[in-house]
1. Among the residues of the stretch 93-102, which ones are assigned to a loop (DSSP other than H, G, I, E, B) and surrounded by 19 or more Cβ atoms within 10 Å (Cβ to Cβ)?
2. When the stretch 143-158 is examined, which residues are found to be open to solvent by 40 Å² or more (accessible area, probe 1.4 Å), touching a residue at least 24 places away in the same chain (Cβ under 8 Å) and not charged (D, E, K, R)?
3. Name the one entry in Gly189, Gly161, Gly181 that is open to solvent by less than 40 Å² (accessible area, probe 1.4 Å), at pLDDT below 95 and within 16 Å of the ligand (Cβ to nearest atom).
4. Pick from Gly105, Gly127, Gly65: which is in a loop (DSSP other than H, G, I, E, B), open to solvent by 30 Å² or more (accessible area, probe 1.4 Å) and among the small types (Gly, Ala, Ser)?
5. Looking at (1) buried (at least 17 other Cβ atoms within 10 Å of the Cβ); (2) at negative phi, which one does Gly40 not meet, given that it meets all the others?
6. Condition (residue is within 22 Å of Ile11 (Cβ to Cβ), within 13 Å of the ligand (Cβ to nearest atom) and among the aromatic types (Phe, Trp, Tyr)) applied to the stretch 142-152: is it met by at least one residue?
7. Any chance you could count how many residues in the stretch 69-92 are in contact with a Pro (Cβ under 9 Å, 6 or more places away or on another chain) and not in a loop (DSSP other than H, G, I, E, B)?
8. Of the residues that sit in the stretch 65-104 and are under 14 Å from Gly7 (Cα atoms) and not hydrophobic (A, V, I, L, M, F, W, C), which one is nearest to the chain's Cα centre (by Cα)?
Amino acid sequence: MTKPVDGIRTIMTMAPVIPVIVVEEIAHAVPLAQALVAGGLPCLEVTLRTACAIDAIKAMSRVEGAFVGAGTVLNEAQLAAVQEAGARFIVSPGLTPSLGKAIIGSGIPFLPGVATATEIMLGLDMGLDHFKFFPAEASGGLPALKALAGPFTQASFCPTGGITASTAPGWLSHPQVPCVGGSWVAPAGLPDVARITAMAQHAASL
Ligand SMILES: O=C(O)C(=O)C[C@H](O)[C@H](O)COP(=O)(O)O
């Protein structure tokens, strides 16, 4: 069994919400990161869904107080690219043995996605015990997480997918949920800095 990855717990407890970010235009990256950090959300997940995502990771990593990771990491080539860009942690919507082995071997903190008992068991076998519960609402919501968390008392979860400012407190009340992920704090388009800072402040207070 591989040693558990150090560090992901610290990242998951920096704030109650990890913004899930889709950067469509590189000019949006820095003001968005500044607004989120100013509002009290330092830990930022930049998804590899857009052409400028790697450049966005580089640019946002230079924002004071930002702790930037890469999301939607699906394979080893992407792992290498995001590490080169300065990503400090990795999030994936799922968990495969090959990706898990590569990320654990690299030593970077890792939050793999799980939605079933079998996937949690695969992660535990690899020495992982912190997971993204994805897609959280579509997989059955909080009742599903409660049922899954029952037999896996050693596991912690960051539910992500369909979570909003009004549903986040319910998820966060679960003892195995140190944080949730969500895109609601980082809407697409040219960042409205005042609005995003206010949403981040509210999220940080949850
Ligand atoms: O892109 C990824 O890497 C993902 O795994 C999925 C995202 O985390 C969720 O799609 C965010 O969900 P919403 O907050 O409902 O927008």
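1. Leu95
2. The answer is Pro151, Gln154.
3. Residue meeting the stated conditions: Gly189.
4. None of the other options fit; the residue is Gly65.
5. Status for Gly40: all satisfied but (2).
6. No, the stretch 142-152 contains no residue that is within 22 Å of Ile11 (Cβ to Cβ), within 13 Å of the ligand (Cβ to nearest atom) and among the aromatic types (Phe, Trp, Tyr).
7. Total meeting the criteria: 5.
8. Only one residue fits best here, namely Gly69.
The values are calculated or read from the model by the stated rules, or taken from the named source; none is laboratory data. Only a predicted model underlies this, so the values are computations on that prediction, with no experimental measurement involved. Neighbour counts run over all protein chains shown; Cβ positions are idealised from the backbone, glycine included. Surface accessibility is based on the protein's heavy atoms, side chains included, excluding ligands, DNA and RNA. Shrake-Rupley method; radii C 1.70, N 1.55, O 1.52, S 1.80 Å.
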